[in-house]
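Readers should treat all values here as calculations from the given coordinates under stated rules, not as data from a laboratory. Computed from a predicted structure; not experimentally measured. Every residue, glycine among them, receives a Cβ derived from its backbone with ideal geometry; neighbour counts consider all protein chains shown.
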């Protein structure tokens, strides 16, 4: 060829360098550009190329190319297998392909003629029995044969490339498998978090459990999931079946009567483990002859797990799972993480439910105490003031008493009347919110009844229906209740009314409230204190209109028209 080729030591050093470049690269194909250039120069080739073959598509792509100075690179492709069948066939069998221009045809001939190639040498890169790449040397100076040194170098290099690609594929597969496993675990954990979120977002725990138990069973590939709550029967501690989910075809514990399990019917040590906060696992073939083991065998359960539910540090029950086979439940397993998160979520929901029940009980006790105090003030203090006023009135009206006594009696009467007004305000302030007394009409009737004082103030409520809440809604019902409360306070405190009538009716456009009294009255605008401004604001917020008809010395009539939709 007119050029002295490299010696054996130089070629061995070059192969070592190629191996190092392939090993250091994150992807072996990224190192091919440097390898093609260095090997092409060392072998005194005219042109050297590396083709990557897409096996599934049957197409080869030129990804690395080098050419001697003065020569152009060949067209990068793509090169379809069917256009180069005479080449791909032998290469796929692991054979070296070498021809001259005279023996080529079709697309293969066109490509070589266009690039000025007179002969080429193609060596296959075989990975796991598939043609994955082609290392090629082109001669453009009329030579028909390739030196054995070039052939051996390319053969050694393709073996090195194939080995590296094989390791890379294996590592990629392992990495992909690990990523898939990680994705599965993360998806399962996210689904478990969604279950916990759903448990805590639905106030009705029974309804929440009906929705999440099937999801838990599906995620863990189990056949049954149930909730067992701590209970007592005739003083004996037990677990009671509260909720159950089973897959199609599985027998139901509830239908078989397996609803209650006494502590002494459980496997030895099971209850103690659960009460200590540790899970308990039962497996078929352990030799237990307790009631739970007998039930599991009849149900076809191979493995049953119970995770404790701790609420405020106290054991309240267990989340139970059953499989008809031996599941993979390592501590780091997907199923175990899902089970533990689900159990924690149910325990948190139980704790929240307990807190809600405790608040309701406290509110109920507070309401009962406020009602009792209001009744005591109404029946005791207010009635006492009424009696004093009656006695003092008798003194003032009797002629036998001297004038100075009557003056003192009137002053005492004024004080007693003020005390009676204070007592009434205390009774009204102690009245519970309208929402705690059922419907609006019932709440107003109770409020009016508490204001009435025999022989002193007559207060009556008038309404022919009770379905106002459906039209107003909770918020507007509460606002209207407050308007009546303020109107009664004004009539008693400022107008000194002796009769008050409260009427609630349905009109063609909405709901109308009327509060009428026989008190002192006032000139509207002169006495618009905070109470009246507050009532107007409440009615306007409801989308309604408040009218006040009052004449000094002739009583007051308040009319509030509330539309059906604000």
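Pull out the extension gain between residue 537 and residue 259, defined as 0.36 nm times the separation in residues minus the alpha carbon to alpha carbon distance; nm, one decimal. If you can, show how the numbers build up before the last one.
Values: separation 278, 0.36 × 278 = 100.08 nm, distance 5.73 nm.
Gain on stretching residue 537 to residue 259: 94.4 nm.
Based on Cα atoms of the chain, Rg over Rh with Rh as the Kirkwood radius reads 1.38.
The modelled label-to-label distance for the pair residue 272/residue 407, using points 7 Å beyond Cα in the direction of Cβ, is 9.1 nm. Spatial offset of segment 198-276 relative to segment 465-485 amounts to 43 Å, using the alpha carbon center of each. Helix 334-376 and the longest principal axis of the Cα set of the chain meet at an angle near 10°.
How much length is gained on full extension from residue 315 to residue 145, taking 0.36 nm per residue of separation minus their Cα-Cα distance?
Details: separation 170, 0.36 × 170 = 61.20 nm, distance 8.71 nm.
This chain segment gains 52.5 nm when fully extended.
Rounded to the nearest 500, the 222 nm mean residue ellipticity of the chain from helices alone is -16000 deg cm²/dmol, with -39,500 (n - 2.57) taken per DSSP H run of at least 4 residues.
Modelled spin labels at residue 221 and residue 418, positioned 7 Å past Cα toward Cβ, are 8.4 nm from each other.
Can you give me the angle between helix 8-24 and the longest principal axis of the chain, using Cα atoms only, in degrees from 0 to 90, rounded to the nearest 10? Long axis of 8-24 versus the principal axis of the chain: about 10 degrees. Take the Cβ atoms of residue 475 and residue 298, set R0 to 45 Å, and the FRET efficiency comes out at 0.25. Modelled this way, with points 7 Å down the Cα-to-C-beta line, the labels at residue 17 and residue 348 are 6.1 nm from one another.
Axis of helix 468-493 versus longest Cα principal axis of the chain: the two differ by about 40°, to the nearest ten degrees. If R0 equals 51 Å, the separation of the Cβ atoms of residue 482 and residue 400 corresponds to a calculated FRET efficiency of about 0.55. Calculate, for residue 506 and residue 197, the FRET efficiency according to 1/(1 + (r/R0)^6) with r their C-beta to C-beta distance and R0 35 Å; round to the nearest 0.05. Result of the calculation: an efficiency of 0.25.
Using 0.36 nm per residue and subtracting the Cα-Cα separation, the extra length available between residue 95 and residue 207 on full extension is 33.3 nm.
Please report the antiparallel percentage of the DSSP beta bridges confined to the chain, to the nearest 5. Antiparallel bridges make up about 95 percent of those DSSP assigns within the chain.
Per the Debye formula on identical point scatterers at the alpha carbon atoms of segment 205-327, with no solvent, log10 I(q)/I(0) at q = 0.12, 0.13, 0.15 Å⁻¹ is -0.41, -0.48, -0.66.
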